[in-house]
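The values are calculated or read from the model by the stated rules, or taken from the named source; none is laboratory data. Here the structure is a predicted model, which is why all the values come from computation and not from measurement. With ideal geometry, Cβ positions are generated from the backbone for all residues, glycine too; neighbour counts draw on all protein chains shown. Remember, those area values only see protein heavy atoms, side chains included, never the ligands or the DNA or RNA. Shrake-Rupley method; radii C 1.70, N 1.55, O 1.52, S 1.80 Å.
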Amino acid sequence: MRRADDCGAWAVVTLRGEVDLALAPTLREIVDALIAERRARMVLDLEDVSFMDSSALGVLVYAMRRADALGGALRLAAPCEQVRRMLEVTGLDTVVGIFPGVPAACARPSL
(Lines give C-alpha, C1' and ligand atoms only; values in the text may rest on other atoms or scores of the structure.)
Protein backbone atom coordinates (compact mmCIF):
# COMPACT_ATOMS: atom_id res chain seq x y z
CA MET A 1 0.00 0.00 0.00
CA ARG A 2 1.36 3.38 -0.91
CA ARG A 3 0.29 6.88 -1.54
CA ALA A 4 0.92 7.55 -5.22
CA ASP A 5 1.42 10.85 -6.94
CA ASP A 6 -1.57 13.11 -7.11
CA CYS A 7 -3.80 12.98 -10.16
CA GLY A 8 -5.00 16.53 -10.67
CA ALA A 9 -6.97 17.55 -7.60
CA TRP A 10 -7.17 13.94 -6.43
CA ALA A 11 -4.81 12.20 -4.00
CA VAL A 12 -4.30 8.62 -5.17
CA VAL A 13 -3.62 5.72 -2.80
CA THR A 14 -2.55 2.46 -4.45
CA LEU A 15 -3.51 -0.77 -2.70
CA ARG A 16 -2.23 -4.26 -3.52
CA GLY A 17 -3.00 -7.83 -2.55
CA GLU A 18 -5.37 -8.57 0.29
CA VAL A 19 -6.69 -5.56 2.15
CA ASP A 20 -7.80 -7.02 5.46
CA LEU A 21 -7.60 -6.61 9.22
CA ALA A 22 -3.80 -6.50 9.06
CA LEU A 23 -3.72 -3.58 6.57
CA ALA A 24 -6.84 -1.66 7.59
CA PRO A 25 -5.02 0.39 10.30
CA THR A 26 -2.37 1.47 7.78
CA LEU A 27 -5.05 2.54 5.32
CA ARG A 28 -6.77 4.52 8.05
CA GLU A 29 -3.47 6.25 8.89
CA ILE A 30 -3.05 7.24 5.24
CA VAL A 31 -6.60 8.62 5.17
CA ASP A 32 -5.95 10.56 8.38
CA ALA A 33 -2.72 12.00 6.93
CA LEU A 34 -4.54 13.12 3.78
CA ILE A 35 -7.32 14.72 5.82
CA ALA A 36 -4.74 16.48 8.02
CA GLU A 37 -3.30 17.93 4.80
CA ARG A 38 -6.83 19.02 3.81
CA ARG A 39 -6.71 16.58 0.86
CA ALA A 40 -10.35 15.52 0.89
CA ARG A 41 -10.51 14.26 -2.71
CA MET A 42 -9.21 10.70 -2.60
CA VAL A 43 -9.00 7.90 -5.15
CA LEU A 44 -8.22 4.40 -3.95
CA ASP A 45 -6.60 2.44 -6.76
CA LEU A 46 -7.86 -1.12 -6.28
CA GLU A 47 -6.61 -2.57 -9.57
CA ASP A 48 -4.17 -4.94 -7.83
CA VAL A 49 -6.42 -5.82 -4.87
CA SER A 50 -7.52 -9.45 -4.88
CA PHE A 51 -9.54 -9.43 -1.64
CA MET A 52 -11.03 -6.98 0.82
CA ASP A 53 -12.67 -7.82 4.14
CA SER A 54 -15.17 -6.01 6.34
CA SER A 55 -12.49 -4.18 8.34
CA ALA A 56 -11.25 -2.58 5.12
CA LEU A 57 -14.84 -1.69 4.18
CA GLY A 58 -15.12 0.04 7.53
CA VAL A 59 -12.12 2.17 6.62
CA LEU A 60 -13.78 3.02 3.29
CA VAL A 61 -16.84 4.28 5.14
CA TYR A 62 -14.58 6.22 7.50
CA ALA A 63 -12.69 7.77 4.56
CA MET A 64 -15.91 8.66 2.77
CA ARG A 65 -17.33 10.41 5.84
CA ARG A 66 -14.09 12.29 6.57
CA ALA A 67 -13.80 13.42 2.95
CA ASP A 68 -17.47 14.43 2.85
CA ALA A 69 -17.06 16.54 5.98
CA LEU A 70 -14.42 18.61 4.17
CA GLY A 71 -16.43 18.92 0.95
CA GLY A 72 -14.42 16.23 -0.83
CA ALA A 73 -15.18 12.72 -1.99
CA LEU A 74 -13.87 9.17 -2.03
CA ARG A 75 -13.61 7.34 -5.34
CA LEU A 76 -12.65 3.75 -6.04
CA ALA A 77 -10.80 2.72 -9.17
CA ALA A 78 -10.87 -0.72 -10.78
CA PRO A 79 -12.23 -2.94 -7.98
CA CYS A 80 -12.13 -6.68 -8.64
CA GLU A 81 -15.34 -8.70 -8.74
CA GLN A 82 -15.09 -9.76 -5.07
CA VAL A 83 -14.73 -6.17 -3.89
CA ARG A 84 -17.45 -4.97 -6.24
CA ARG A 85 -19.84 -7.61 -4.84
CA MET A 86 -19.08 -6.51 -1.26
CA LEU A 87 -19.77 -2.90 -2.22
CA GLU A 88 -23.09 -3.91 -3.79
CA VAL A 89 -24.17 -6.10 -0.85
CA THR A 90 -23.43 -3.33 1.64
CA GLY A 91 -24.92 -0.59 -0.55
CA LEU A 92 -21.64 1.33 -0.67
CA ASP A 93 -21.74 1.21 -4.46
CA THR A 94 -24.60 3.72 -4.31
CA VAL A 95 -22.67 6.30 -2.27
CA VAL A 96 -19.06 5.91 -3.47
CA GLY A 97 -18.01 6.60 -7.04
CA ILE A 98 -16.66 3.50 -8.76
CA PHE A 99 -14.58 3.93 -11.91
CA PRO A 100 -12.83 1.59 -14.35
CA GLY A 101 -9.40 3.07 -13.57
CA VAL A 102 -7.51 5.92 -11.92
CA PRO A 103 -7.54 8.21 -14.99
CA ALA A 104 -11.34 7.97 -15.22
CA ALA A 105 -11.73 8.60 -11.48
CA CYS A 106 -9.56 11.71 -11.69
CA ALA A 107 -11.02 13.04 -14.94
CA ARG A 108 -14.67 13.05 -14.02
CA PRO A 109 -15.93 16.22 -12.36
CA SER A 110 -17.28 16.05 -8.85
CA LEU A 111 -20.47 14.07 -8.46
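The helix-only estimate of mean residue ellipticity at 222 nm for the chain, built from DSSP H runs of length n ≥ 4 each weighted as -39500 (n - 2.57), is -12500 deg cm²/dmol after division by the residue total.
Placing pseudo-labels 7 Å out from each Cα toward the beta carbon at Glu37 and Phe51 gives an inter-label distance of 3.1 nm. Sorted from greatest to least, the principal axis extents spanned by the alpha carbons of the chain come out as 29, 26, 23 Å.
Can you pull the percent of the chain's accessible area that's carbon plus sulfur, 1.4 Å probe, other chains left in place? Provide the component values of the computation, followed by the final result.
On the way: 2900 of 5620 Å².
Here carbon and sulfur together make up 52 percent of the probe-accessible area.
Using Cβ point charges alone (K and R +1, D and E -1), the dipole size of the stretch 26-111 about the Cα centre works out to roughly 340 debye.
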